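Take a look at the structure below.
The values are calculated or read from the model by the stated rules, or taken from the named source; none is laboratory data. Given the structure is predicted, the values throughout are model-derived calculations rather than measurements. Counting neighbours? That spans all protein chains shown, and the Cβs are built from the backbone with ideal geometry, glycine included.
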Amino acid sequence: MKRVAAFVLALLITAAFCGCSLKDTKKAIDNIAQKAGLSNETGTVVSYKVNGSEVKNITPANENNIGRFADCYYALDDTQKALYRYFLTAANERVEGWFSCGKAGENFENDITAAYKAMLCDNPQIFWMPSNYVITKVKDNLCVAFCIDDDETKIDFLLKKDEIDTAAASLERAVDSVVSEAEAFSSDYEKELFVHDRLCKNCKYDLSGGDMIYSSYGALVNGVCVCEGYSRAMQLCLLRMGIDCCLVYGEFEDVGHMWNKVKLEGSWYNLDITWDAHEKHGALHQYFNVTDDEIKRDHIVLDLFDKEKDYKEELGFNLLNYAATSRQYNFFSVGNRYLTDSASDTADAIQREIEAGKPFAELLDITTGDMSEILNSAAYILRDKAKLTSYSKIRDEVIVFFENTY
């Protein structure tokens, strides 16, 4: 008799949680992980002779104006820092033609590569610079050009010089809007979460979106970007709110990828907006403030810059890589969003999302038993509060859908 009663209860539970569909994990990841190569940001040494009269002398930016969140600048050596300051002036003043960067060092090509990448990484508001540029030496002076059009070389800013100020003003307005709304939240975690969700919902991943898809401008103004655009936009907004945030260069399936690291209360966290942005569901949070061990399960982090390597061969690198080991501000940890072996605890986690007005519950699967049985039991517990309709799994995250009809 007990077996019959148990069987009937199981049928009731299954009926309460109808239409379940468990998606293949790897397929779901492939649908989220987009594939766009990163810009290389490596210059080319020209072989033709440059007349010294064509070279401009510019004043490098003052180190006091670099800012406390210029993480990459502070990772450089003194030679590279000097180059960075020249590049920052050239970018902000939109210098056309050749300009002098001082005396050329022994490893000047790699020094320039590191300095230029550092300048772009620290300044996501500078979105008009090309990824390629030219380098030469005039006597002992090292000279660089980011915008030049002569018989030998043609390189330009991504926007016409007279369009940059107008576009920069548009970006500032977009950032101000995001920051203004985010300031309504009291904690840095909540502000980060707000910006993350806004970018996930308001930006479209599109490889055909033009040159700006790799920039903060593409994400925040055009609403079209790839991983670089998401990451630079997130960095720009958080830095404006005084939250330290830097870029991480990596790979997925041999394709360049970029994400962020965010510092909250002294601890660093990995944040991948690209993989959290879902075409159907909007913002997911599987990669919201995860540890290095967690991100490395399906991301490859590029090595730190090595002055002895030849980066003309398009070898990517990171200038820094802060250790991320804390889960204190992980999305699932903060909200106690776990699918456990306890159907009651799992039901409580789902109920909290229902009461918060969420369209679905995101739970981290830490079960050791049959996940579907636990969800069916949780559905039965919640039968008077909501109807659980289906679920899907992406890696370790389970998305539970429900209808709040009671």
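For this structure, a couple of remarks:
- From PHE401, PHE331, PHE360, PHE305, residue being under 30 Å from ASN107 (Cα atoms) and buried (at least 16 other Cβ atoms within 10 Å of the Cβ): PHE305
- Boolean, ASP111 is modelled with pLDDT under 95, touching a helix residue (DSSP H, G or I) at 6+ places or on another chain (Cβ under 7 Å) and in a helix (DSSP H, G or I): yes
- Residues located in segment 116-160, provided they are assigned to a strand (DSSP E or B) and not basic (Lys, Arg): VAL134, ILE135, THR136, VAL138, ASN141, LEU142, CYS143, VAL144, ALA145, ILE148, ASP149, ILE155
- Just one of the listed residues (TYR230, TYR205) is surrounded by fewer than 22 Cβ atoms within 10 Å (Cβ to Cβ) and not hydrophobic (A, V, I, L, M, F, W, C), and it is TYR205.
- Number of residues in segment 201-226 that are under 25 Å from MET129 (Cα atoms) and in a helix (DSSP H, G or I): the value is 12.
- Scanning segment 156-177 turns up no residue that is at pLDDT 95 or above, touching a Leu at 6+ places or on another chain (Cβ under 8 Å) and either on the phi > 0 side of the Ramachandran plot or of a type in the set (Phe, Trp, Tyr) (or both).
- Hey, ARG198 assigned to a helix (DSSP H, G or I) and under 26 Å from PHE332 (Cα atoms) or not: yes
- Residue in segment 263-276 that is closer than 14 Å to CYS203 by Cα and either surrounded by fewer than 22 Cβ atoms within 10 Å (Cβ to Cβ) or among the hydroxyl-bearing types (Ser, Thr, Tyr) (or both) present: yes
- Sub-7 Å Cβ pairs linking a first residue in segment 41-67 that is under 25 Å from TYR311 (Cβ atoms) to a second residue that is of a type in the set (Val, Ile, Thr) and in a loop (DSSP other than H, G, I, E, B), at least 6 apart or interchain, are VAL46/THR153; ILE58/VAL95, ordered by first then second residue.
- Some residue of segment 320-328 being more than 17 Å from GLN286 (Cα to Cα) and not assigned by TED's automatic domain parsing to the domain that holds TYR287: no
- GLU251 fulfils the conditions (1) at pLDDT below 95; (2) crowded, with 24+ Cβ neighbours inside 10 Å except for a single criterion, (2).
- The listed residue being closer than 30 Å to ALA114 by Cα, among the hydroxyl-bearing types (Ser, Thr, Tyr) and surrounded by fewer than 18 Cβ atoms within 10 Å (Cβ to Cβ), out of THR325, THR389: THR325
- Tabulated pairs, segment 139-163, first farther than 12 Å from VAL50 by Cα, second of a type in the set (D, E, K, R) and assigned to a strand (DSSP E or B), C-beta under 7 angstrom, 6+ apart or interchain: ASP140/LYS103
- Among the candidates SER392, SER333, residue that is among the small types (Gly, Ala, Ser) and in contact with a Leu (Cβ under 7 Å, 6 or more places away or on another chain): SER392
- Selection status of SER170, free of Cβ contacts under 8 Å to residues at least 40 places away in the same chain, surrounded by fewer than 19 Cβ atoms within 10 Å (Cβ to Cβ) and outside the structural domain of ASN110 (by TED's automatic domain parsing): no
- Here ASN64 meets the list (1) outside any helix (DSSP H, G or I); (2) loosely packed, with under 14 Cβ neighbours inside 10 Å almost entirely, failing just condition (1).
- Checked against (1) over 27 Å from the mean Cα position of the chain (by Cα); (2) surrounded by 13 or more Cβ atoms within 10 Å (Cβ to Cβ), THR59 passes all but condition (2).
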